[in-house]
Amino acid sequence: MRFGVVVFPGSNCDLDAHHALGAVLGQPVRYVWHRETDLHDLDCVILPGGFSYGDYLRAGAIAARSPVMDAVGRFAEAGGLVIGICNGFQILLEAGLLPGAMQPNADLLFHCEFVHVRVENPATPFTRLCRSGQVLRLAIAHAEGNYYAPPEALQGLEERGGVVFRYCTPEGEVLPEANPNGSVANVAGVINEAGNVLGMMPHPERCAEEVLGSADGRFILESLLAGRTGR
């Protein structure tokens, strides 16, 4: 499967994603500069974490208007797989490829720690190797991870299985104290209606090897490989 990792000015998790996909999983992967507009050689595009354009205006706001994002929009419309991680999730929201918006963490602090998330929808290209209710231990590192959607939009997400991950306790309980940033309904990741664009705040690429403290991110990355080998 052919992966592309987009590099914006200020990205800092592009190397992590490239390493996880290339060195760990042995997949063909290349960097995609933010001015590129041709993604025809790719099966999956990764928007990595970081501080694109210094988070000016809002996190992801300027990156969402980079030339590459027009290409990402066309790529997604044609059925290509897209995953936005942390800042990448923020960019997808700002670009209108996912519903909702991101706010500063409720406590106004930067959170860099391990969290637990529960798999709410295993029937996606990103979670096909997971089971419903499975708890994953993943890393977060963000100051603006407080996901918000209006009640009617959140209800729509819930009804169609659009909430893919939810912050939880190690035992899988969805409780306020397990929510690190104040996200509505403990939402940690959502998917579009077509089911090919995922945004998530936790970092699966930082949890692809046991030496890093968890390899649970491989459930997500390897789910992509289990689905198809070409477009």
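Coordinate-derived values only; no laboratory data. Keep in mind the model is a prediction, meaning the values are calculated, not measured. In this analysis, Cβ positions are derived from the backbone assuming ideal geometry, glycine residues included, and neighbour counts consider all displayed protein chains.
Quick notes
- With 0.36 nm allotted per residue and the present C-alpha distance subtracted, the ARG35-GLU159 stretch has 40.9 nm of extension available.
- Restricting attention to the chain, close to 60% of DSSP beta bridges with both partner residues there are antiparallel.
- Applying both filters, DSSP loop and at most 15 other Cβ atoms within 10 Å, to the trypsin sites (Lys or Arg not before Pro) of region 147-218 gives ARG160.
- In the chain, excluding the sites themselves, the longest stretch lacking any of the GluC sites (Glu not before Pro) that are in a DSSP loop with at most 13 other Cβ atoms within 10 Å is 1-170.
- In plain terms, if you count all Cα to Cα distances in region 3-227 and split them into 5 Å steps from zero, the share in each step is 1, 8, 16, 22, 22, 18, 10, 3, 0 percent.
- Put simply, the convex hull of the Cα atoms in region 1-70 casts, on average, a shadow of 4.2 nm².
- Around PRO204: net Lys/Arg minus Asp/Glu count, Cβ-Cβ under 13 Å: -2
- Helical mean residue ellipticity (222 nm; -39500 (n - 2.57) per DSSP H run of 4+; nearest 500) of the chain: -5500 deg cm²/dmol
- Among the trypsin sites (Lys or Arg not before Pro) found in region 1-88, those both in a DSSP coil and sparsely packed, with 14 or fewer other Cβ atoms within 10 Å of their Cβ, are ARG35.
- By the count of neighbouring beta-carbon atoms within 10 Å, fewest first, PHE219, PHE75 end up ordered PHE219, PHE75.
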